[in-house]
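The values are calculated or read from the model by the stated rules, or taken from the named source; none is laboratory data. Keep in mind the model is a prediction, meaning the values are calculated, not measured. As a convention, Cβ positions derive from the backbone with ideal geometry for all residues, glycine included, and neighbour counts pool all protein chains shown.
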Amino acid sequence: MSPICNARVLFKEFPGSDYPVVDQHLAYDDSQTVDPVTDPLDGGFLVKVLYLSVDPYLRRRMTPGGAPEESIQPFAINEPLVNYGVGVVLRSEHAKIKAGSHLVGFLPFQEYVILPNDDGITLLDSKPDGISWSAYIGVLGMPGLTAYSGWNEFSRAKPGETVFVTAASGAVGAVVVQLAKLSGCKVIASAGSEDKVEYARTIGADVAFNWKKDNTREILKREGPINICWDNVGGESLEAALDAAASHARFIICGSASNYNTGTPYNVKNLQLLIWKEIHFYGFLYLSLQPKHGPAFLRDMPRHVAAGEVKFKEHLTRGLARAGDALLDVLRGGNFGKSVIVVAEE
């Protein structure tokens with residue numbers, strides 16, 4: 001077989017505090033080739049990449065430096081972006097990996113990759129009927145595990161409690177809304193458009209509102225007090241949630257999307273309420289909770305999804321060449337559902 005194109009999306013330079021620019025900070029490169037039949041594997045295995053995940057935290061990896069205590073390190077200049085993906089094995093010289101197997105793990109933004117070992121790779125034996133393999137980078141992947149592990153570790157939810165979820169139509173927030181309802185809670189959900197608000201209602205939110213049009217403080221004052229807050233955005237909505245918090249409320253801090261592309265991040269002004277209301281504040285990265293909650297997640301979540309108890313929505317972008325546009329959609333809130341790049345059909 002003759003060599004074929006192995007297109008990639010390369011990280012070219014750090015974008016500063018503004019949004020990354022396609023063709024400047026990110027570049028689609030189709031100069032590399034691969035021969036799926038003859039390229040040496042050297043004990044590894046050749047993967048055809050099918051789906052790649054686009055998540056807000058990728059913007060954090062476009063900040064230079066990094067810190068020793070952080071597990072999120074910057075992308076390497078002139079190397080492909082990397083994130084969770086699903087692929088199918090075409091050839092293998094690895095004892096545990098067989099041709100035809102599907103897998104999920106950190107994969108580069110390119111069409112084909114030869115992996116030297118199975119570090120960070122999970123083999124997918126099967127999937128629920130009617131669900132795409134792409135679900136394993138969404139509701140059955142990192143976003144779903146983030147929601148599941150954070151909720152089970154920190155919420156201590158009791159039936160009848162009130163939960164506020166920001167970015168409630170997103171890949172993580174939508175799962176949290178449904179886990180909260182399965183726990184018997186009242187759910188207040190915020191989202192950034194009318195169709196996203198309606199989606200939050202369809203997955204169980206008792207109160208859903210458009211934060212761009214409605215006054216968050218007024219709604220939380222009317223519908224609260226809040227016992228649990230799951231926050232994906234930070235900024236003014238976090239400040240409003242603190243004002244509306246009940247005594248001994250639990251705040252689960254999963255993201256700060258409102259501050260990812262602003263020159264001057266919004267400084268929350270009422271953190272003293274952590275003391276006066278004896279609020280518990282939990283920040284976490286899912287990797288630290290994966291050893292504890294991962295096995296139960298892989299056992300429970302496919303069953304919930306297959307039974308329709310946890311619904312999910314995907315925002316598909318077809319073609320690796322549009323990866324930069326997909327990232328900008330996520331950063332600007334233009335996606336509706338879990339953002340997935342369809343690199344190739346199986």
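Some values worked out for this structure:
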{"item": "Of all residues in the stretch 314-346 being charged (D, E, K, R) and crowded, with 18+ Cβ neighbours inside 10 Å, the one that is nearest to Ala167 (Cα to Cα)", "result": "Lys338"}
{"item": "Count - residues of the stretch 81-100 that are of a type in the set (Lys, Arg) and over 14 Å from Val113 (Cα atoms)", "result": "2"}
{"item": "Residue count, the stretch 107-121 (criterion: surrounded by 14 or more Cβ atoms within 10 Å (Cβ to Cβ) and at pLDDT below 95)", "result": "2"}
{"item": "Test result for Gly150, surrounded by 20 or more Cβ atoms within 10 Å (Cβ to Cβ) and under 17 Å from Lys311 (Cβ atoms)", "result": "no"}
{"item": "The stretch 295-313, residues that are over 16 Å from the mean Cα position of the chain (by Cα) and surrounded by fewer than 18 Cβ atoms within 10 Å (Cβ to Cβ)", "result": "Pro295, Ala296, Leu298, Arg299, Asp300, Arg303, Ala306, Ala307, Gly308, Glu309"}
{"item": "Single residue of Leu46, Leu41 found to be in contact (Cβ under 8 Å) with a residue 60 or more places away in the chain, assigned to a loop (DSSP other than H, G, I, E, B) and over 26 Å from Asp329 (Cβ atoms)", "result": "Leu41"}
{"item": "Test: residue in the stretch 206-213 that is at pLDDT 95 or above, crowded, with 17+ Cβ neighbours inside 10 Å, within 19 Å of the chain's Cα centre (by Cα) and farther than 24 Å from Glu153 by Cβ", "result": "no"}
{"item": "2 or more residues farther than 25 Å from Asp243 by Cβ: qualifying helices (runs of 4 or more DSSP H) within the stretch 140-223", "result": "142-150, 171-182, 194-202"}
{"item": "Test result for Ile131, surrounded by fewer than 21 Cβ atoms within 10 Å (Cβ to Cβ), aliphatic (A, V, I, L, M) and at pLDDT below 95", "result": "yes"}
{"item": "Test: residue in the stretch 137-150 that is at positive phi and among the small types (Gly, Ala, Ser)", "result": "no"}
{"item": "Inter-residue pairs, beta-carbon under 9 Å, first within 26 Å of Ala249 (Cβ to Cβ) and not assigned by TED's automatic domain parsing to the domain that holds Asp125 and in the stretch 280-305, second at pLDDT 90 or above and of a type in the set (Lys, Arg), 6+ apart", "result": "His280/Arg156; His280/Arg250; Phe281/Arg250; Tyr282/Arg250"}
